[in-house]
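Let me begin by presenting the structure, written as structure tokens, before commenting on it.
The values are calculated or read from the model by the stated rules, or taken from the named source; none is laboratory data. These numbers come from a predicted model, not from an experiment. Cβ sites come from the backbone with ideal geometry, for glycine too, and all protein chains shown count toward neighbours. We work out accessible area using only protein heavy atoms, side chains counted, and drop any ligands, DNA or RNA first. Shrake-Rupley method; radii C 1.70, N 1.55, O 1.52, S 1.80 Å.
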Amino acid sequence: MIDKQVPDPAAAVADIPDGATVLIGGFGEAGSPIELIHALIDHGARDLVVVNNNTGNGRVGLAALIGAGRVRRMICSYPRSSNSETFPELYRAGKIELELVPQGTLAERIRAGGAGIPAFFTATGVGTVLAEGKEVRDIRGRRYVLEEAITADYALVRAERADRLGNLVYNKAARNFGPIMCQAARVAIVQVREIVPAGAIDPEHVVTPGIFVDRLVAIADPAQESVLVARGEQYP
């Protein structure tokens, strides 16, 4: 019987090695897998390349992972936000690398990676510094820049519900990058509020099929990033 459940976040991330590329879901705090990120901090993996929409807030979650010095390079669309503290400090000090990617291009690069498409042309970024060093081609009278797909060793994703086979349902905007990140990673690790028996989720409601999910961990009451930031908390 297939059962992708693991006992806790620590077990879920225990084999992530130094130097791994890790996709981390979330649009701000919506869908951010904080418990998995904190477990990754405790695990101790270093020299990571992390792909996320932003660079975290306050000193918890992704921001805490960055602040612990575990991330060598960030690939993201929004390196600064209203509560971003850690990344800007480290970036100005030259202690972390940044690859800035327009949000739509970031999503498509991840989606393409999961679909087995190695690269694609897009008009976004043409004529800007983001296109420097990349191939630019005229197609039907318009200029396009070549963007390479993104794949990863691991993905850390948060969903609302799963069955033991790994079929996922998300909570509204918390879906964001989760489905494409599960497809683009060699190992997709997902935290959910509840794990239900196989067959308990209507197949018409499944967003991410279990074939793209490798590990599940149940977190019944996940932390809310905005609450932690408002309290001034930090991890660890």
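A few points about this structure:
- Sequence-separation-based contact order of the range 120-236, relative, with Cα cut under 8 Å and 6+ spacing, percent: 23
- Label-point separation in nm, GLU148 to LYS172, each point 7 Å along Cα→Cβ: 3.9
- Lys/Arg +1, Asp/Glu -1 at C-beta; the chain dipole; positive extreme among VAL196, SER81, GLY125: GLY125
- Over the residues of the chain, the helix contribution to mean residue ellipticity at 222 nm works out to -6000 deg cm²/dmol, using -39500 (n - 2.57) for each DSSP H run of at least 4.
- Gaussian network model of the chain, Cα within-10 Å springs - most flexible of PHE121, PHE27, PHE212: PHE121
- For trypsin sites (Lys or Arg not before Pro), the sites in the range 177-236 that DSSP calls loop and that have at most 12 other Cβ atoms within 10 Å are ARG231.
- Solvent exposure of the chain, expressed per residue, is 47 Å² of accessible area, with all protein chains present and a 1.4 angstrom probe.
- Remark: the ARG72-GLU160 segment gains 28.7 nm on full extension, using 0.36 nm per residue and subtracting the alpha carbon distance.
- A DSSP coil position with no more than 14 other Cβ atoms inside 10 Å describes the following trypsin sites (Lys or Arg not before Pro) in the range 1-106: ARG46, ARG80, LYS95.
- Two-site FRET efficiency, ALA218 against LYS95, from Cβ-Cβ distance with R₀ of 30 Å, rounded to 0.05: 0.25
- Of all accessible heavy-atom area on the range 78-236, the percent that carbon and sulfur account for (1.4 Å): 48
- Placing unit charges on the Cβ atoms only, positive for Lys and Arg and negative for Asp and Glu, gives the chain a dipole magnitude near 600 debye about its Cα centre.
- Take the Cα of ALA200, step 7 Å toward its Cβ, do the same at ARG137, and the gap between the two points is 4.9 nm.
- Counted by Cβ distance under 10 Å from ALA20, the other residues give a net charge of -2, where Lys and Arg count +1 and Asp and Glu count -1.
- Mean separation of Cα contacts under 8 Å (6+ apart) over length of the range 50-155, as relative contact order %: 21
- Summary value for the range 144-187: 49 percent relative contact order, contacts being C-alpha pairs under 8 angstrom separated by 6+ residues.
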